[in-house]
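Each remark here refers to the structure printed beneath this line.
The values are calculated or read from the model by the stated rules, or taken from the named source; none is laboratory data. Small disclaimer: the values here were computed from a predicted structure and weren't measured. Don't worry about glycine lacking a Cβ; one is built from the backbone with ideal geometry, like all the others, and counts go over all protein chains shown. The area values use the complete protein model at the heavy-atom level, side chains included, leaving out ligands, DNA and RNA. Shrake-Rupley method; radii C 1.70, N 1.55, O 1.52, S 1.80 Å.
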Amino acid sequence: MKRPNILLTGTPGVGKTTLGKELADRTGLTFINIGDLAKEGEFYEGFDEEYQCAILDEDRVIDELEDKMIDGGMIIDYHSSDFFPERWFHIVFVLRTDNSLLYDRLESRGYKGKKLQNNIECEIFQTIYEETMESYKKEIVHQLSSNTPEDLERNIDQIMKWIEQWMLDNN
Ligand code: DAT
């Protein structure tokens, strides 16, 4: 049985992990958060002094996931989308959150100062959306509002319907 691969992307705090885990629970697809995967495997290639964070070793992440992506049925969660092989994904969702809500979510996550400001600007300037539109065919990229619990429910329903249809069309 062939199953699709889904990319959930967007600025930190928009709700990728919340949506991805819930989708995985309800569909049996496998959820992978790239940040957690990198931490477990220590897939880093240095430290960024300016941003005070580890630099992801993208090639090692890709090597680690390649076989699983070929098998299908993967939900990938990451705040960037341009280094993954385009062929991996059947659909890509860019989650979007209003600035004031995002600000509160990131603040309660402990972000402050420049880090908080950079992430809010990332959302204001649609950085991830534009990066994603340049990296994948426009037809497979969709924006999702991710402001409220109602949005979450609606997004889950829509994606589950899409998965069902994809499985009918491809098996
Ligand atoms: P991300 O994985 O994009 O960093 P998250 O899933 O960790 O984001 O969510 C960040 C916070 O926002 C977390 O406290 C849960 C909350 N949240 C996520 N989606 C939401 C939604 N649709 N409505 C309200 N709160 C949401």
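When Thr127 is evaluated against the numbered criteria (1) more than 14 Å from the chain's Cα centre (by Cα); (2) β-branched (Val, Ile, Thr); (3) closer than 17 Å to Val92 by Cβ, which criterion, by number, is the only one it fails?
Thr127 satisfies every listed condition except (1).
Where in region 63-142 are the helices (runs of 4 or more DSSP H), entirely inside, with at least 2 residues that are open to solvent by less than 70 Å² (accessible area, probe 1.4 Å) and under 22 Å from Leu23 (Cβ atoms)? Can you show your working first?
Working: elements: 99-108, 113-124, 127-135.
Ranges flagged: 99-108, 127-135.
When only residues in region 32-55 that are touching a strand residue (DSSP E or B) at 6+ places or on another chain (Cβ under 7 Å), in contact (Cβ under 8 Å) with a residue 24 or more places away in the chain and aliphatic (A, V, I, L, M) count, which is least open to solvent (accessible area, probe 1.4 Å)? Break it down into steps so the answer makes sense when it comes.
In the first step, residues of region 32-55 are kept if they are touching a strand residue (DSSP E or B) at 6+ places or on another chain (Cβ under 7 Å); the result is 32-34, 38, 43-48, 54-55.
Applying the additional criterion that residues be in contact (Cβ under 8 Å) with a residue 24 or more places away in the chain yields 32-34.
From what's left, aliphatic (A, V, I, L, M): 32, 34.
On the way: Ile32: 21, Ile34: 0 Å².
In this case the residue turns out to be Ile34.
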